[in-house]
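Worksheet: the structure to be examined is printed underneath.
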Amino acid sequence: MGPGQIKAKIISNKRFKDNYWHLELESRLISGRALPGQFVNIKVSDDVEPLLRRPLSIHSANGSRVRLFYEALGMGTRVLSNRVPGEFLDVIGPLGNGFSLPGKGQGPGCQAAILVAGGMGVVPLIFLAKKIRSSRPLVLIGARTKNKILCAPEFKALGTAVKIATDDGSLGFKGRVTELLGQVLREAKSAKGLSIYACGPRPMLKAVGKIACENNIDSQLSLEEHMACGIGACLGCVVATQSGYRRVCKDGPVFSGKELTW
Amino acid sequence: MVKQVKPDLSVRIGKLELKNPVMVASGTFGYAEEFAPFIDLKELGAIVTKTITVRPRLGNIPPRTCETPAGMLNSIGLENPGIDKFIGEKLPFLKKLGIPVIVSIASIDDPEEFTALARQLDKIEGVSALELNISCPNLHKDKLISQDAKDTFELVSLVRKLTGKCLITKLSPNVTSISEIALAAERAGSDAVALINTLGAMSIDVDKREPKIGSWSGGLSGPAIRPVAVKMVWEAHNKIKIPIIGMGGIMDIQSSLEFFIAGASAISVGTANFINPRASVEIISGLKTYLVDNNIRDLSGLIGSLKACEN
């Protein structure tokens, strides 16, 4: 099912710590069609400033509710954080190609998936973890410091194992989440049937793609890029791949690590 | 006063008859497929395709867009699959819509590429008109064809000889006198001019001291350029007789009306498609309402209806 353009009612829009906000919208259409890794594109106000929509990853979809999670950093997200429950937002979604779910037929005890999240990259991976929780994925979350580690309790509540990496060592493994990934793979008995799913800053994704290739593991990387249209028309948000430039908004945001040439 | 029920929105551009004067601008609508989930494409007056070149083009290096005050920059660099793939893979969908398809074409290295494109497209039924994109700011040329009246005249004359199809010439706002260039296009046999392409522009990330887009500079579009576009439409309207297709920051019915009043016979919705995919069809219905409310029977009562200030 394709995307729709709708006026979605704000159910709640709450800061939960620092600049991080949870936004809950009412939309049966988007909720019913949303897949992990897809996003919605929101007009945060009726003004011409900011002009463009803001793409936000879908955190979860349940019944008629769509949950989003954003960091109010720039002009668009700051305006969004001022919108209140009961108001309506012009939303287009669900957009893009999400994650392909891991193959079935894994042996008992076999780890099917490792999810690697950097910073805000946790958002689409929460949605993914919900869908594949029965295969007991391992979740690795990385950030600069303890306070920037997001959603760890949410992942744990889903019954997934969570390992944390911080650059300053304030929580969990001291170092990059990609170094933690390397360590996990070295300790694993076999990488057979394993998939890596990752979302985070571009240098992190590049490193994850490289590690996956070296270990002959499939990786699916969810990219972030400035977008103008979000629906594949403007060709603004392209990324270099084996088959030329491809659109992050329409052909992605999830790409196979093997496909990307960055 | 009895209000009319159904105003006449039809308009003529050369030999092209449009059921309404609302088009979508080249480069902002892909090849229309992307918009099918959001609007009934058949409602549009016409569709102008993303610009086609002889050979496929990868386009410019990313990042290719950035937001600016009430506008945006783009430097896509005419990414397109090339004429053959366009005809084979994109045109069939467009033809099925049953509305006029205007194919935007450009040359990269040699104006002769326009000749090849015009010859090939002239033979194709279902291509209603050609738009000559001689004004793309993202090819890193020292001078655009449409920045010189003589070059514009020569290029339009060249293509005019090769096709009987409706010919629209799209002009750059980065000129000393838009009416001089518009007049050159008219004298060379263009059926209409499209005003305006994006304005050459640049935006800088001051923390990194880097340009915000990969190819350093790009084209500015959106509401920020609307007053520039309206003035250029008005200037050209005072000078030429062929129809003007007005564009530049049209977001809604209100902003589209400025262009008609300034002298545009039709308008194109561009950047607004990115923000509100329904903008074009909302303008069509808004136009009907406006004409009825103001007791105007058809578009001729609106086009170029600008008056002098009363006091």
Given the conditions (1) over 26 Å from A:Val40 (Cα atoms); (2) within 14 Å of chain B (Cβ to nearest Cβ), every one holds for A:Ala212 apart from (2)
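Quick grid of which residues meet (1) aliphatic (A, V, I, L, M); (2) within 12 Å of chain A (Cβ to nearest Cβ):
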{"residue": "B:Phe38", "(1), (2)": "no, yes"}
{"residue": "B:Leu78", "(1), (2)": "yes, yes"}
{"residue": "B:Ile87", "(1), (2)": "yes, no"}
{"residue": "B:Ser107", "(1), (2)": "no, no"}
Of the residues in the stretch A:143-164, those that are farther than 17 Å from A:Ala113 by Cβ and assigned to a strand (DSSP E or B) number 2
Of the conditions (1) without any contact (Cβ under 8 Å) to a residue 60 or more places away in the chain; (2) not aromatic (Phe, Trp, Tyr); (3) not in a loop (DSSP other than H, G, I, E, B), the single one that B:Leu73 does not satisfy is (1)
Taking the stretch A:58-74 and the residues there that are of a type outside the set (A, V, I, L, M, F, W, C) and surrounded by fewer than 22 Cβ atoms within 10 Å (Cβ to Cβ), the one that is nearest to the other protein chains (Cβ to nearest Cβ) would be A:Gly74
The helices (runs of 4 or more DSSP H) lying entirely within the stretch B:221-301 that contain at least 3 residues which are farther than 28 Å from B:Lys6 by Cα are B:226-237
Across the stretch B:38-62, the tally of residues that are in a strand (DSSP E or B) and in contact with a Phe, Trp or Tyr (Cβ under 9 Å, 6 or more places away or on another chain) stands at 3
inquiry  = Just to be sure before I move on: is B:Gly270 touching a helix residue (DSSP H, G or I) at 6+ places or on another chain (Cβ under 7 Å), under 20 Å from B:Ile245 (Cβ atoms) and at pLDDT 95 or above in the structure I sent?
reply    = no
Selection from the stretch A:35-92 of residues acidic (Asp, Glu) and over 19 Å from A:Ile126 (Cβ atoms) yields A:Asp46, A:Asp47, A:Glu49, A:Glu87, A:Asp90
Being at negative phi, crowded, with 23+ Cβ neighbours inside 10 Å and touching a residue at least 60 places away in the same chain (Cβ under 8 Å) narrows B:Ala266, B:Ala279, B:Ala224 down to just B:Ala266
Flagged in the stretch B:117-127 as surrounded by 21 or more Cβ atoms within 10 Å (Cβ to Cβ) and either farther than 15 Å from B:Lys90 by Cβ or in contact with a Lys or Arg (Cβ under 9 Å, 6 or more places away or on another chain) (or both), in numbering order, are B:Ala118, B:Leu121, B:Val127
(message) Among the residues in the stretch B:202-220, are any among the polar types (S, T, N, Q), assigned to a loop (DSSP other than H, G, I, E, B), more than 24 Å from A:Asp90 (Cβ to Cβ) and out of contact with any strand residue (DSSP E or B) (no Cβ under 7 Å at 6 or more places or on another chain)?
(response) yes
Screening B:Val11, B:Val22, B:Val2 for residues that are at pLDDT below 95 and more than 14 Å from chain A (Cβ to nearest Cβ) leaves only B:Val2
- [ ] With respect to A:Ile231, determine if the residue is away from every other protein chain (no Cβ under 14 Å) and either aliphatic (A, V, I, L, M) or more than 21 Å from the chain's Cα centre (by Cα) (or both).
- [x] no
When the stretch A:225-249 is checked residue by residue, the ones that are in contact (Cβ under 8 Å) with a residue 24 or more places away in the chain, crowded, with 20+ Cβ neighbours inside 10 Å and not hydrophobic (A, V, I, L, M, F, W, C) are A:Gly230
Only unsatisfied item for A:Ser256, checking (1) in contact (Cβ under 8 Å) with a residue 60 or more places away in the chain; (2) away from every other protein chain (no Cβ under 14 Å); (3) under 17 Å from A:Gly96 (Cβ atoms), is (1)
Among the residues of the stretch B:91-116, the number that are assigned to a helix (DSSP H, G or I) and surrounded by 20 or more Cβ atoms within 10 Å (Cβ to Cβ) is 3
Filter the stretch A:165-199 for residues that are touching a residue at least 12 places away in the same chain (Cβ under 8 Å) and part of a helix (DSSP H, G or I); the one that is surrounded by the most Cβ atoms within 10 Å (Cβ to Cβ) is A:Val177
Taking the stretch A:58-72 and keeping residues farther than 19 Å from A:Arg15 by Cα and part of a strand (DSSP E or B) leaves A:Ala61, A:Asn62
- Message: I'd like to know if the stretch A:208-227 contains one or more residues that are at pLDDT 95 or above, over 15 Å from the mean Cα position of the chain (by Cα) and not assigned by TED's automatic domain parsing to the domain that holds A:Val122.
- Response: yes
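Per-residue answers, yes or no, for (1) within 13 Å of chain B (Cβ to nearest Cβ); (2) assigned to a loop (DSSP other than H, G, I, E, B); (3) modelled with pLDDT under 95:
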position: A:Lys9; (1), (2), (3): no, no, no
position: A:Ser12; (1), (2), (3): no, no, no
position: A:Phe16; (1), (2), (3): no, no, yes
position: A:Trp21; (1), (2), (3): no, no, no
position: A:Ser31; (1), (2), (3): no, no, no
position: A:Leu35; (1), (2), (3): no, yes, no
position: A:Asn41; (1), (2), (3): yes, no, no
position: A:Leu52; (1), (2), (3): yes, yes, no
position: A:Leu56; (1), (2), (3): no, no, no
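The values are calculated or read from the model by the stated rules, or taken from the named source; none is laboratory data. Being a predicted model, the structure only gives us computed values, none of them experimental. Positions of Cβ are backbone-derived with ideal geometry, glycine not excepted, and every protein chain shown enters the neighbour counts.
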